[in-house]
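Below: the structure, in structure tokens.
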Amino acid sequence: MNLPPADVVKGPVAAFDALLQGRAPVLALAPMQDVTDLPFWRLLARYGGPDVYWTEYSRVHATSSIERSILEAVRENPTGRPAIAQLIGNDPVAMVRAARELEKLPVAAIDLNLGCPAPVVYRKCAGGGLLREPRRIDALLGALRDAITRVRFTVKTRLGFADHQEWEALLEVFARHPIDLLTVHGRTVADMYRTEVRYDRITQAVSAMKCPVMANGNVWSPVRAAEVLRQTGARGLMIGRGCIRNPWLFDQIRAHLAGEAPVYPTGRDVLTYVTSLYAETVPVDGFSERLQVEKMKKYMNFIGEGVEDPKEFLHWIRRAETREGFFDVCQRHLDHDRPMRLVPGGGA
Ligand SMILES: Cc1cc2nc3c(=O)[nH]c(=O)nc-3n(C[C@H](O)[C@H](O)[C@H](O)COP(=O)(O)O)c2cc1C
């Protein structure tokens with residue numbers, strides 16, 4: 001692999017350090033498999049975007065190499081903001097090798113995934129599966145901390161595997177290692193995505209850790225963002241599904257925190273966003289209309305929750321088979337001038 005110039009390597013790290021040392025809460029794009037790739041980054045940046053962009057995770061095992069979509073995203077990164085590459089795996093030797101490969105790229109940090117709740121991942125004792133084995137986490141953190149010297153080393157975790165009572169013991173393990181940032185999704189692996197988020201457990205991490213802590217889970221409006229920051233005292237917020245639904249969210253949060261009125265999009269603005277999402281995420285190497293419509297349905301599961309009458313909207317979206325059919329449904333629901341909060345259930 002060719003080394004990029006030293007200043008490219010130094011650039012994103014310095015930019016990330018400046019964010020962490022600055023006064024404003026850091027707003028981050030959460031890593032999301034099959035979502036947070038280069039086209040999505042590019043699109044999000046057009047709406048203001050987060051302060052820092054996470055990649056999807058790259059799987060690491062004895063013979064793995066960094067996944068192509070991740071290499072592409074961090075090499076091309078068109079956002080002007082630092083990017084953080086995430087790894088998932090459990091073999092310290094392979095993880096160190098992958099981290100060294102990533103360190104040569106223009107990334108601000110390498111992030112360890114300790115939260116993925118997919119059974120195919122956790123059964124192999126990776127992602128959230130590792131939360132059942134604090135000693136293995138301890139060894140992995142030690143190995144990665146020693147190995148990662150050119151960029152920052154960050155960790156993203158859930159509160160435990162089956163029960164949030166596991167959190168205290170896990171926090172002791174995290175606190176033993178000089179990691180540069182801990183992001184906490186305030187749920188256990190067993191909670192998946194739907195339960196209440198335990199922000200009180202994130203507050204606990206803020207007190208226990210020497211490094212900055214970022215809060216994650218169910219931040220989908222400027223009001224909620226301010227509440228979570230106040231309640232947890234976290235250094236920043238990581239946002240996933242909320243910004244697929246509402247790419248204006250990061251700028252809305254910035255406005256709200258600055259005491260200004262956030263700008264809400266109209267239905268027609270949301271329609272333009274969906275149209276851009278369709279166009280931008282078409283794969284460059286081969287395109288089938290049917291597959292692209294299927295791909296759009298994944299984003300629409302999140303976007304649909306913020307539309308008036310989400311049940312009816314998603315019912316018809318899920319039945320669309322052609323581009324025309326898909327956009328007919330979008331037009332019926334979004335071709336209007338009313339401002340949209342894009343919040344599930346219409347709340348604040
Ligand atoms: C489609 C999807 C893919 C995800 N992929 C990843 C991933 O690759 N790595 C990771 O650490 N978390 C992943 N997550 C979890 C998110 O990063 C985040 O922790 C979670 O969605 C809660 O935040 P939110 O309520 O803001 O969405 C994924 C979540 C979703 C919905």
Self-check item: Spherically averaged projected area of region 224-343 from its Cα convex hull (nm²)
Solution: 8.5
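Using mean Cβ contacts within 10 Å as the protection proxy, how do 119-128, 81-90, 98-107 order, highest first?
Numbers: 119-128: 17.8, 81-90: 24.7, 98-107: 21.0.
Those peptides, ordered most packed to least, come out 81-90, 98-107, 119-128.
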Quiz prompt | Whole-angstrom gap from region 299-348 to region 159-229, using each part's C-alpha centre | solution = 31
Quiz prompt | Amide H contacts under 5 Å for A109, placed H, 5+ residues apart | solution = A85, R152
Quiz prompt | Between 0 and 90°, nearest 10: helix 92-103 axis offset from the chain longest Cα axis | solution = 60
Quiz item: Okay, helix-only estimate at 222 nm for the chain: each DSSP H run of n ≥ 4 adds -39500 (n - 2.57), divide by all residues, round to 500 deg cm²/dmol; what do you get?
Solution: -13500 deg cm²/dmol
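Every number in this text was worked out from the coordinates using simple rules, so none of it is lab data. These figures come from a predicted structure and were not determined experimentally. Glycine gets a Cβ as well: all are built from the backbone with ideal geometry, and neighbour counts include every protein chain shown.
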